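Reviewing the structure listed below.
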Amino acid sequence: MAQNYPQQQSGSSAAMAALALRNVSKSFPGVRALDDVSFEVHSGEVHALLGENGAGKSTLIKIVSGVYPPDFGKLELNGELVHFAHPGEAQARGIATIYQEFSLYPELTVAENIFSGHMPRTIFGAIDWIKASREAGTLLESLEASDLDVRSRVGILSVGNRQRVEIAKALSRQARILILDEPTAVLTQHDSEKLFTIIRRLLSQNVAIVYISHRLDE
């Protein structure tokens, strides 16, 4: 199910993996979803997970993102054994998952969505709207998406632009391992090309990417 496609990697191939799964298995009533699965991804590298529907891709990324515990096997971050009780713990350790259905608030602005739950504050505890707008713009610029107005409501954006907001939201929480779940499934060809540009930019920033797809040509 897993294939490794290094795009850019600092150091030798023996460098410690940013994320590693070792002999992971997971079963549900009547279904063996994962059977002794191992893979690793390094910083500045794309690791593609390919497979048909039902191959276990979703189960695997839910284990990485803290939704499910594995029945057997272990998960390591930078060589450290970790156990996640819930997705918040995985997020706090720099793991972010971008699902096909975005977790955005359509009535809020781009900046409000990017910093949802951790808005910048002034020394008096009030929301620092100027800093939020400025830092949201900086994040979008780092993704070559500076054409997005941080004051626009997310509900009026195209699907491709909403995906960019999701990625910027992940980076605002210092994500260093980004999981993209079938990211081009709802995109036009033009938006898919923009996504690949963003992925290359993230690799240059030493982010590790797990890319879920059933499209071999990608």
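Starting from residues that are among the acidic types (Asp, Glu) and over 19 Å from the mean Cα position of the chain (by Cα), keep the ones in the range 22-56 and report whichever is nearest to residue 97 (Cα to Cα). Checking each candidate, the answer is 52.
The residue that is nearest to residue 211 (Cα to Cα), counting only those in the range 173-187 that are open to solvent by 50 Å² or more (accessible area, probe 1.4 Å) and at pLDDT 90 or above, is 176.
When residues of the range 58-80 are filtered for being open to solvent by 40 Å² or more (accessible area, probe 1.4 Å) and assigned to a strand (DSSP E or B), how many remain?
First, the residues of the range 58-80 that are open to solvent by 40 Å² or more (accessible area, probe 1.4 Å): 58, 62, 67-74, 78-80.
Right, trim to assigned to a strand (DSSP E or B) and you get 72-74, 80.
Going through the range 58-80 one residue at a time, the tally reaches 4.
For the range 150-162, how many residues meet the condition of being open to solvent by less than 10 Å² (accessible area, probe 1.4 Å) and either in contact with a strand residue (DSSP E or B) (Cβ under 9 Å, 6 or more places away or on another chain) or at pLDDT 95 or above (or both)?
From the range 150-162, those open to solvent by less than 10 Å² (accessible area, probe 1.4 Å) are 154, 160; that's our starting set.
Going one step further and asking which of them are either in contact with a strand residue (DSSP E or B) (Cβ under 9 Å, 6 or more places away or on another chain) or at pLDDT 95 or above (or both), we end up with 154.
Adding up the residues that qualify gives 1.
Applying the criterion of being among the aromatic types (Phe, Trp, Tyr) and either surrounded by fewer than 14 Cβ atoms within 10 Å (Cβ to Cβ) or without any contact (Cβ under 8 Å) to a residue 24 or more places away in the chain (or both) to the residues of the range 91-149, the residue that is nearest to residue 181 (Cα to Cα) is 105. Against the conditions (1) open to solvent by 50 Å² or more (accessible area, probe 1.4 Å); (2) in contact (Cβ under 8 Å) with a residue 60 or more places away in the chain; (3) not β-branched (Val, Ile, Thr), residue 169 satisfies every one except (1).
Have a look at 153, 162, 200, 173 and point out the one that is of a type outside the set (A, V, I, L, M, F, W, C) and more than 22 Å from residue 61 (Cα to Cα). Give the derivation first.
Details: 162 fails: more than 22 Å from residue 61 (Cα to Cα); 200 fails: more than 22 Å from residue 61 (Cα to Cα); 173 fails: more than 22 Å from residue 61 (Cα to Cα).
The conditions single out 153.
Checking each residue in the range 188-211 for being among the aromatic types (Phe, Trp, Tyr), open to solvent by less than 20 Å² (accessible area, probe 1.4 Å) and farther than 19 Å from residue 77 by Cα picks out no residue at all.
Residue-by-condition table, conditions (1) part of a loop (DSSP other than H, G, I, E, B); (2) modelled with pLDDT under 95; (3) within 16 Å of residue 65 (Cα to Cα); (4) open to solvent by 10 Å² or more (accessible area, probe 1.4 Å):
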site	(1), (2), (3), (4)
3	no, yes, no, yes
9	yes, yes, no, yes
13	yes, yes, no, yes
16	yes, yes, no, yes
23	no, no, no, yes
32	no, yes, no, yes
49	no, yes, yes, no
54	yes, yes, no, yes
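Just wondering, is there one or more residues in the range 38-55 that are of a type outside the set (Phe, Trp, Tyr), more than 28 Å from residue 215 (Cβ to Cβ) and in contact with a Phe, Trp or Tyr (Cβ under 8 Å, 6 or more places away or on another chain)? Looking for residues that are of a type outside the set (Phe, Trp, Tyr), more than 28 Å from residue 215 (Cβ to Cβ) and in contact with a Phe, Trp or Tyr (Cβ under 8 Å, 6 or more places away or on another chain), one finds none in the range 38-55, hence no. Taking the listed residues 70, 29, 87, the one that is out of contact with any His (no Cβ under 7 Å at 6 or more places or on another chain), without any contact (Cβ under 8 Å) to a residue 12 or more places away in the chain and of a type outside the set (Asp, Glu) is 29, with no other qualifying.
The values are calculated or read from the model by the stated rules, or taken from the named source; none is laboratory data. Here the structure is a predicted model, which means the values were calculated and not measured. Reconstructed Cβ throughout: ideal geometry from the backbone, glycine too, with neighbour counts over all protein chains shown. Keep in mind that these areas ignore ligands, DNA and RNA; they rest on the heavy atoms of the full protein, side chains included. Shrake-Rupley method; radii C 1.70, N 1.55, O 1.52, S 1.80 Å.
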